[in-house]
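Laboratory data are not the source of any read-out in this text; all were calculated from the coordinates shown. What you see is a predicted model, and the numbers here were worked out from it, not measured in a lab. Because the Cβ atoms are built from the backbone with ideal geometry, glycine has one as well, and the counts that use them run over all protein chains shown.
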Amino acid sequence: MNRNMLSRLVLVGVALAVLAGCGGGNDDNGGSSGGGTASGSGQLKASGASFPDAYYQEVISAYKEKAPDVTVTYNAVGSGTGKKEFGQGLTDFAGTDSTVKDDDGVPAGSFLYVPTVAGPITVSYNLSGVDKLQLSPETLANIFQAKITKWNDPAIAKDNPGASLPDTAITVAHRSDGSGTTNNFTKYLTAAAPSTWKLGAGDTVAWPSGTQGAEKNTGVAQIVKQTDGGIGYVDYSDAVETKLNLAAIKNKDGKYVAPSLEGATSALAGAKVNDDLTYDPLNASGADAYPITAPTYLLLKTKYDADKATAVKDYVRYLLTDGQPIAKDVNFAALPSGLQQKALAQLDKLAS
Amino acid sequence: MTQEEPTRSDLTGKGGGVRIERLFSWWTLATGLLVLAILALILTTTTKQAWPAFQDMGLSFITSSTWDPNPASGNPVFGSLAFIYGTVVSSLIALLIGVPISIGIALFLTELAPRRLRGSAVMVVDMLAAIPSVVFGLWGVLVLAPLLVHVYQGIHDVFASVPVLNSIFGEPVGTGRSFMTAGVILAIMIIPIVTSISREVLSTVPQANKDAAFALGATQWEMITGAVFPHSFGGLVGAVMLGLGRAMGETIAVSLVIGGATNITPNVFAGGNSMAAVIVQQFGESTGTFTAALIGLGVVLFGLTVVINLAARLVVRRAEARVQGAAR
């Protein structure tokens, strides 16, 4: 909340300064308007999803070299808060892992989706003596519903022929804060194990009473790392950073695929893209596709004032072209070229 | 609490005349009313914002233990019983551990400690209060919880065949993040405040009372139970209540160590969640009725604190009546 207040104060300060500088230009969007020339200098403010934050920060610092006059800030406050702030006109664009719903505070038709990168959500585990684990969606659903409570359960053994599994108790770790990662993970279970998974899908779900919650991906990763018998869902970059063991998940084509950026990109290629460029790579088909791959988007306004439009277009174009190769450095999957072209075409719809 | 009668010399100061006196009384009245106004405003605005959730859930907001903002089918369900339970249990554990330690420290400092030691000992205890709660939380998560798992396992094994106790000391959760760990951390956090107020209260016991007890042949312990405790009972309850308030409202440290599970179980070694922790965990990504329900948790927490404080006041009044009755 403090950061929220701070960002608002900063914004008011910037708006005042700009107003003073321009002698009161057009300020219809209530935000800070870029005070410079049309070549794209000024301020771009954004907030939203924490899942792609590492990637966005990298792109922002790379963009700084290309356009030193433009200051882009991205505040990882979470998708929900990001959408709220965007709807109130506090930010120029927002990052979100989930699509916009009616009660998010963003009026329909006032925004565009731009897909940016995607990331695998790993099922990370810690089980001494077991460094290779395969799970089918049904087994995974039952583990996270606390229907399977021991590692040597017949269902797990069936997915892992020949492996010797100890009778350690399973400690399930999940997010205690509302999270796009939870949303995508539970959406995957709903799609891949519809008859087994009973807890529904969303940013927060009613986990069974014996499970453990922790804040952010790093918190879940830490429980898994600390606890023998622990299992949790963690985004790929944090799981790799924490050096966790990653389970291979059985995909729609019946193949066990370990999480990787290549697996995520092939899941994107297999996903059906809607007209508004939202798409669902979860449980996508394709032999190499890693099935728990999460999309993330930027929300842009359909209408900016002229300076701002130029700045937003220039930055997002950079992110979608030169910025894409940066993704794999921070363990995110770049867009396949088809989707990338469609995303770039969104920018032409920006009116000014 | 017993109030000293003001003496004549307190009332006749150097004084600045009638105007100052009037200004002073207005000022104190205003500040006194301000507290009430702030309380009332907080209560009305939070209740108003929480209204959609109260309306949807009715009484089951506090009687249901299902908290499901995104159910597989049907409307969201917000029942806070599990979180009320978590708040109460973790705070109770904190009191059970923290209060005897605090009163022990306070007695040691007022009755037993050599004068030279007092100053530095007081400083060390007060320094505990200066540690930010997030530091306690991180220490709990990184160091204490993994260590305590083994202790919990040991206690569980010892009581495994004792009825009642084997359900209170049940199978510990693998991470150690549980009601018990939250209680231990909270106990450490309330020790400074309970100690320092208890110390103040105990030091008001008149030396004459103590001397009288000794003169009657009381041992140190008999003097403390016979002369010190009856005199300071009300104040000690007040100290405990302040500690309880701190424990029930503590947010970030509890959020880190309590385990983040929606759970009602007699097993203190299992994970749970408290009202304050749920608010801080879930508020950021909530919308609509969900937000209202989280604010509603705040209202319930507020109400619970008021009820407990009133109950404590009642206890104090009764006990004091009894003590005074016995004395006369």
Looking only at B:V88, B:V134, B:V268, which one moves most when chain B is put into a Gaussian network model with springs between Cα atoms under 10 Å? B:V134
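Given the convex hull of the Cα atoms of chain A, what is a quarter of its surface area in nm²? Write out the running numbers ahead of the final one.
Details: hull surface 68.9 nm².
Taking the Cα atoms of chain A, their convex hull projects to 17.2 nm² on average.
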Karplus-derived HN-Hα couplings along region A:200-212 (A = 6.51, B = -1.76, C = 1.60, θ = phi - 60°), whole Hz, x at Gly and Pro: x, 9, x, 5, 9, 10, 7, 5, x, 5, x, 8, 10
Could you let me know the centre-to-centre spacing of region A:123-143 and region B:203-244, using Cα atoms, in angstrom? 60 Å
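For the pairs A:K187/A:K252; A:K101/A:K328; A:K158/A:K198, note any where the Cα-Cα span goes beyond 19 Å. Please list the in-between numbers first.
On the way: A:K187/A:K252 15 Å; A:K101/A:K328 30 Å; A:K158/A:K198 22 Å.
Over 19 Å Cα-Cα: A:K101/A:K328; A:K158/A:K198.
If packing is taken as the average count of other Cβ atoms within 10 Å, what order do B:251-259, A:253-261, A:94-102 fall into, highest mean first?
Numbers: B:251-259: 27.8, A:253-261: 17.4, A:94-102: 21.9.
Going from most to least packed, we get B:251-259, A:94-102, A:253-261.
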Take A:A169 and A:K101, extend 7 Å from each Cα along the Cα→Cβ direction, and tell me the distance between the two endpoints in nm. 3.4 nm
What nm distance separates the two modelled labels at B:V307 and B:L216, each placed 7 Å from Cα along Cα→Cβ? 4.0 nm
Return the average number of partner chain Cβ atoms within 10 angstrom of each residue Cβ along peptide B:251-262. 4
Long-range amide H partners of B:F78 with built H, under 5 Å: B:D68
Have a look at A:A54, A:A264, A:A294 and tell me which one the Gaussian network model of chain A (Cα, springs below 10 Å) gives the largest fluctuation. A:A54
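What's the Cα-based Rg to Rh of the protein assembly as shown, Rh via Kirkwood? Each step should come with its number before you reach the end.
On the way: Rg = 29.8 Å, Rh = 28.4 Å.
Computed over Cα atoms, the ratio is 1.05.
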Could you state the number of Å between the C-alpha centres of region A:298-332 and region A:151-167? 46 Å
Ranking request for peptides A:266-275, A:340-349: highest mean number of other beta-carbon atoms within 10 Å first, then the rest in descending order. A:266-275, A:340-349
If you line up the Cα atoms of region B:67-327 on their principal axes, what length do they span on each, largest first, in Å? 75, 39, 38
Can you tell me, using C-alpha contacts under 8 Å and at least 6 residues apart, the relative contact order of chain A as a whole percent? 22 percent
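For chain B, which DSSP H helices look membrane-span-like by this rule: Cα extent along the axis of 15 Å or more and mean Kyte-Doolittle of at least 1.0?
Working: long enough: B:17-57 (59 Å, 0.78); B:81-107 (38 Å, 2.21); B:115-130 (24 Å, 0.70); B:145-158 (19 Å, 0.70); B:179-202 (31 Å, 1.85); B:229-249 (30 Å, 0.97); B:288-327 (59 Å, 1.21).
Flagged H segments are B:81-107, B:179-202, B:288-327.
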Helix A:337-347 vs. chain A, principal-axis angle (Cα, 0 to 90°, nearest 10): 30 degrees
Can you give me the relative contact order of region B:33-81 as a percent, contacts being Cα pairs under 8 Å and 6 or more apart? 29 percent
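What's the ranking of A:76-83, B:44-51 by average number of surrounding C-beta atoms within 10 Å, highest first? If you can, show how the numbers build up before the last one.
Details: A:76-83: 27.0, B:44-51: 14.6.
Sorting A:76-83, B:44-51 by mean packing, highest first, produces A:76-83, B:44-51.
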Post the alpha-carbon centroid distance, region B:107-165 to region A:210-229, in whole angstrom. 24 Å
What is the calculated FRET efficiency for A:T278 to A:D329, with r their C-beta to C-beta distance and R₀ = 22 Å, to the nearest 0.05? 0.25
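Let me check against my output: what whole-number percent is the relative contact order of chain B, with C-alpha pairs under 8 Å and at least 6 apart?
26 percent
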Taking the Cα atoms only, what angle lies between the long axis of helix A:53-66 and the longest principal axis of chain A, rounded to 10 degrees? 40 degrees
Tilt of helix A:306-320 relative to the longest C-alpha principal axis of chain A, in degrees (0 to 90, nearest 10)? 30 degrees
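Looking at this model, which pairs from A:K83/A:K308; A:K83/A:K349; A:K150/A:K272 are more than 26 angstrom apart at the alpha-carbon? Walk me through the numbers before you get to the answer.
Working: A:K83/A:K308 19 Å; A:K83/A:K349 20 Å; A:K150/A:K272 37 Å.
Violating the 26 Å Cα-Cα cut-off are A:K150/A:K272.
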With springs only between Cα atoms under 10 Å apart, run a GNM on chain A and tell me which of A:L199, A:L140, A:L298 wobbles the most. A:L199
Return, ordered by residue number, the residues of region B:60-104 whose backbone nitrogen is under 19 Å from a label point located 7 Å along Cα→Cβ of B:A113. B:98-104
Relative to a virtual label point 7 Å from the Cα of B:V143 in the Cα→beta-carbon direction, which members of region B:181-224 show backbone nitrogen distances below 15 Å? B:185-186, B:188-189
Based on the Cβ-Cβ distance of A:Y256 and B:S161, what FRET efficiency does E = 1/(1 + (r/R0)^6) give at R0 = 60 Å, to the nearest 0.05? 0.85
Mean per-residue count of partner chain Cβ within 10 Å for A:197-210 equals 6
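Is there a simple number for the mean count of other chain Cβ atoms within 10 Å of the Cβ of residues in A:299-309, and what is it?
Mean partner shielding for this stretch: 0.
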As straight-line cross-link partners of A:K132, the qualifying aspartates and glutamates (C-alpha separation under 13 Å, not fewer than 8 residues apart within one chain) are A:D159
